[in-house]
Amino acid sequence: MQVKVLGAAGEVGRSAFVVESEGSRVLLDYGVQMHREPLFPAHVRPKDLDALVLSHAHLDHVGGAPLLYLSAGPTCYGTPVTRYLTELLLHDFLHISGPVLPFDSDAVRNFSKSYSPVGYEEEVRIGGIKMLLYDAGHIPGSAITLLENGSSVAYTGDMNTSKTQLLDGAKLPSLDVDVIITESTYSYSDHPDRNEEEKRFVEAARSVVDNGGVFLVPSFAVGRAQEIACILYAHGFKGKVYMDGMALKTNQILLENGEYVRDVDYLSKALSRVEYVTEWGTRQRAVRDPSVIISPAGMLVGGASVFYNSHVAKDPRSAIAIVSFQVPGTPGARLLERHEVKLDGKRYSRVRADVQRFDFSSHLGKTELFNFFRHKVKGSPKVIVVHGEKEYSEGFAETLRKEIGLDASVPKVGEEIEV
Ligand SMILES: [Zn+2]
């Protein structure tokens, strides 16, 4: 068996790895890195592939997939809900970045036609390779992929072992494999206590709304927006809550695929407390109404949160709550660092609203990641550390080498690892 690294080497973004065994080739993810222009993984010829397997519906894992379907492409495997969420993301990606993308909606359509849904722990044969997906606990439908053909490879995708409001956390038997391709997004720090962070968030929302302000929560449409609605519901927030944008279509997909969330009735109850914003009249009303507004985009690139920002930013009674990682260089990162946003889409101005940060990560933190290797991993697999900033990935690989004696390293793009 051989693993070839096409992306996510010393960076968070554009995940893509080819696993080859006795003439069968499987591509694991084909993502995008969101810089000023989207960056894609190293090239791979679709006709050389027997299958594409998607770990989950985030653009840094699926954003490049249509490039494989400019004409007929390989069969794509992933959970059913990953298909619907990926289609939603890809159409939105085309809508926002269409002119600079090297594919169009025909490629997305070809991708959909090639998709073959697979449930968790359901065995699939790809040539000589046996493939299994396990629940990764990261977002609905997210999967850890296991490939076996004499030798074996496990790919974590993005993973969370802790329970959240929306998900139960990863469900994985002990791993006894030859190679593990592991994410390392937060291998440098631990997350705060989840319940305390949820309480702090709901208290902050209450205080802003009681003072007549708007508590704006820019959130990723897939997963995070629903998690925020559940947190408000779980901690008895009684004020007005609005939700806008692509998050609403995600809600529908998750309610129709209830087996991919922890408790679909609970999600349904939490969402029934939320007023959906589907037209401009409601949007105008929402910004004048003391309330919580949950709206994409998570890093303030596109989406209705741009409109909300320009209103909320001017009001000293209001607050903007940043609830996810902000990639350096995005408007969201600038808001956190300098308390500045673009008003009316033009120049940056200082915001008068409060800016607050909360950690509701859906990745395992430093200690959880280490404990995963200490307690769940059997034998002595080779470990390929990816999907992390270079220095943090290097640090984590060193920890695995010194503390557990594993052969761990951070690869380069194009590197081929023999098993
Ligand atoms: Zn992800």
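The values are calculated or read from the model by the stated rules, or taken from the named source; none is laboratory data. Since this is a predicted model, take the numbers as computed values, not measurements. A quick note on method: Cβ atoms are made from the backbone with ideal geometry, for glycine too, and the neighbour counts reach across all protein chains shown. To get the accessible areas, we keep the full protein, side chains included, count just its heavy atoms, and leave off ligands, DNA and RNA. Shrake-Rupley method; radii C 1.70, N 1.55, O 1.52, S 1.80 Å.
Residues that are within 16 Å of the ligand (Cβ to nearest atom) and in contact with a Leu (Cβ under 6 Å, 6 or more places away or on another chain) are absent from segment 104-119.
Among the residues of segment 236-255, those that are open to solvent by 30 Å² or more (accessible area, probe 1.4 Å), in contact (Cβ under 8 Å) with a residue 40 or more places away in the chain and out of contact with any Gly (no Cβ under 9 Å at 6 or more places or on another chain) comprise Lys240, Lys249.
Okay, residues lined up against (1) open to solvent by 10 Å² or more (accessible area, probe 1.4 Å); (2) within 16 Å of the ligand (Cβ to nearest atom); (3) aromatic (Phe, Trp, Tyr); (4) more than 16 Å from Ile139 (Cβ to Cβ):
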{"position": "Lys47", "(1), (2), (3), (4)": "yes, no, no, yes"}
{"position": "Asp50", "(1), (2), (3), (4)": "yes, no, no, yes"}
{"position": "Ser55", "(1), (2), (3), (4)": "no, yes, no, no"}
{"position": "Ala72", "(1), (2), (3), (4)": "yes, no, no, yes"}
{"position": "Thr79", "(1), (2), (3), (4)": "no, yes, no, no"}
{"position": "Leu88", "(1), (2), (3), (4)": "yes, yes, no, no"}
{"position": "His95", "(1), (2), (3), (4)": "yes, no, no, yes"}
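May I ask you to list the residues in segment 95-122 that are within 28 Å of Ile144 (Cα to Cα) and in a loop (DSSP other than H, G, I, E, B)?
Those that are within 28 Å of Ile144 (Cα to Cα) and in a loop (DSSP other than H, G, I, E, B): Phe103, Ser114, Val118, Gly119, Tyr120, Glu121, Glu122.
In segment 26-34 there is at least one residue that is open to solvent by less than 20 Å² (accessible area, probe 1.4 Å) and either aromatic (Phe, Trp, Tyr) or not assigned by TED's automatic domain parsing to the domain that holds Gly414 (or both).
Figure legend. Inter-residue proximity from segment 40-59: first residues part of a loop (DSSP other than H, G, I, E, B), second residues away from the ligand (no atom under 11 Å from the Cβ) and charged (D, E, K, R), beta-carbon distance below 7 Å, spacing 6+ or different chains. Indicated pairs: Phe40/Arg14; Pro41/Arg14; Leu49/Arg25; Asp50/Arg25.
Just name the residue that is farthest from Val53 (Cα to Cα) out of those in segment 145-171 that are away from the ligand (no atom under 16 Å from the Cβ) and surrounded by 19 or more Cβ atoms within 10 Å (Cβ to Cβ). Ranking the qualifying residues of segment 145-171, first place goes to Gln165. The number of residues in segment 259-279 being touching a residue at least 12 places away in the same chain (Cβ under 8 Å), within 29 Å of Ala143 (Cβ to Cβ) and β-branched (Val, Ile, Thr) comes to 2. For Val274, are the conditions met, namely being β-branched (Val, Ile, Thr) and either within 18 Å of the chain's Cα centre (by Cα) or at pLDDT 95 or above (or both)? Criteria met by Val274. Restricting attention to segment 176-186, the residues that are open to solvent by less than 10 Å² (accessible area, probe 1.4 Å) and more than 18 Å from Ser409 (Cβ to Cβ) total 0.
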